[in-house]
Amino acid sequence: MVRIIPSSVFIKDPVDVWNKEQTIGLAEHAVRVHAPAIPFDRRGEIILWDDYESPTQKYVSILGAGTINRSNDTSKFGDFSTKIVTGSTLHDNSAIYYYTSDYRDSKIGAQISFASADSTYSIWIVIRHYDGTNLRDYALEYEKSSGELSVFSDGTKYTLSPAVEYKASINNWGTLKFVIDIVNNENVRALFFRKEFDLSSHPEPKSISSMPTEEPRLYIKFYYQAEEAAAKTGYLDNFILTENEPA
């Protein structure tokens, strides 16, 4: 009679730059082989990504007076990124957004890499969650001219400290990651360059509307906005959405 001995072998990565130890199973490892590179922060399980290499558009555009196009001017990985050009009026913005129903009620992370040679613009990550009754917006903003990273909660803007400096260049890619808890309706953390910000002390977002006839879903929006009356150009690449983010 053959006795089957359970295996105790598992895949284990070195401690990462955030001092987190990563252990993943074969299923997750297989997914990551086909997913885009995730050199910034590996926490969470990937459920959606876009590297803009395919001409098939996977996002929905929200246009102001500017344009949104796939571009080979620059890219973080591969040959293409998404190029956003704003209109020439103050606070003109355009956005791309994704939505999905393929997620678990857990901590959700959204990250995007961006590059820009301009100096007076802001970039936003907005995660909108509808749970079947309540609609909530979780928002993170980076403003280049001041270097301020801010989280919006209970209708109030909270500026995080310290400021984050970014070298303006279409070849210098910076990554923003925003993690929220849709079970407890809480902000969790923000990551940008070498800094990690604890958002747990900030108030939870309030419900902004009620739509009881709609289905639960997530929207993930990325806005690029002019902060002066002149057209601004930014590039986005390597969008990744994760679930089951750790605390």
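Scanning the stretch 14-27 for residues that are more than 30 Å from Asp131 (Cβ to Cβ) and modelled with pLDDT of 95 or more turns up nothing. Considering only residues that are over 16 Å from the mean Cα position of the chain (by Cα) and not polar (S, T, N, Q), look in the stretch 166-185 and name the one that is least open to solvent (accessible area, probe 1.4 Å). Here the residue is Tyr166.
Looking at this structure, is Thr67 modelled with pLDDT of 95 or more and open to solvent by less than 60 Å² (accessible area, probe 1.4 Å)? Taking the combined requirement at face value, the residue does not satisfy it. The combined condition, being polar (S, T, N, Q), touching a residue at least 24 places away in the same chain (Cβ under 8 Å) and open to solvent by 70 Å² or more (accessible area, probe 1.4 Å), is fulfilled by Ser101. Scanning the stretch 109-128 for residues that are touching a Phe, Trp or Tyr at 6+ places or on another chain (Cβ under 9 Å) and either surrounded by fewer than 15 Cβ atoms within 10 Å (Cβ to Cβ) or β-branched (Val, Ile, Thr) (or both) returns Ile112, Ile123, Ile125, Val126, Ile127.
Take the conditions polar (S, T, N, Q), at pLDDT below 95 and over 20 Å from Val151 (Cβ atoms) and apply them to Thr175. Does it pass? Against the criterion (polar (S, T, N, Q), at pLDDT below 95 and over 20 Å from Val151 (Cβ atoms)), Thr175 does not qualify. When residues in the stretch 151-165 are screened for being within 25 Å of Lys83 (Cβ to Cβ) and either basic (Lys, Arg) or crowded, with 19+ Cβ neighbours inside 10 Å (or both), 1 of them pass. Going through the stretch 79-91 one residue at a time, which ones are among the polar types (S, T, N, Q) and part of a strand (DSSP E or B)? Selection gives Ser81, Thr82.
Among the residues in the stretch 140-154, are any in a strand (DSSP E or B), under 21 Å from Ser122 (Cβ atoms) and over 16 Å from the mean Cα position of the chain (by Cα)? There is at least one residue in the stretch 140-154 that is in a strand (DSSP E or B), under 21 Å from Ser122 (Cβ atoms) and over 16 Å from the mean Cα position of the chain (by Cα).
Of all residues in the stretch 92-121, those satisfying the criterion of being of a type in the set (Val, Ile, Thr) and part of a strand (DSSP E or B) are Ile96, Thr100, Ile108, Ile112. Report, by residue number, each residue of the stretch 46-58 that is of a type outside the set (Val, Ile, Thr) and either open to solvent by 70 Å² or more (accessible area, probe 1.4 Å) or at pLDDT below 80 (or both). Passing the criteria: Trp49, Pro55, Gln57, Lys58. Counting residues in the stretch 222-236 that are small (Gly, Ala, Ser), within 29 Å of Asp92 (Cβ to Cβ), buried (at least 19 other Cβ atoms within 10 Å of the Cβ) and touching a residue at least 60 places away in the same chain (Cβ under 8 Å) gives one or more. Given the criteria open to solvent by less than 10 Å² (accessible area, probe 1.4 Å) and out of contact with any Asp or Glu (no Cβ under 8 Å at 6 or more places or on another chain), does Gly87 qualify? In short, yes. Restricting the search to strands (runs of 3 or more DSSP E) fully inside the stretch 156-247 and requiring at least 1 residues that are in contact with a His (Cβ under 9 Å, 6 or more places away or on another chain) gives 156-159, 169-181, 186-192, 217-226.
The values are calculated or read from the model by the stated rules, or taken from the named source; none is laboratory data. Treat the numbers as computed from the prediction; the structure is a model and nothing was measured. Positions of Cβ are backbone-derived with ideal geometry, glycine not excepted, and every protein chain shown enters the neighbour counts. Keep in mind that these areas ignore ligands, DNA and RNA; they rest on the heavy atoms of the full protein, side chains included. Shrake-Rupley method; radii C 1.70, N 1.55, O 1.52, S 1.80 Å.
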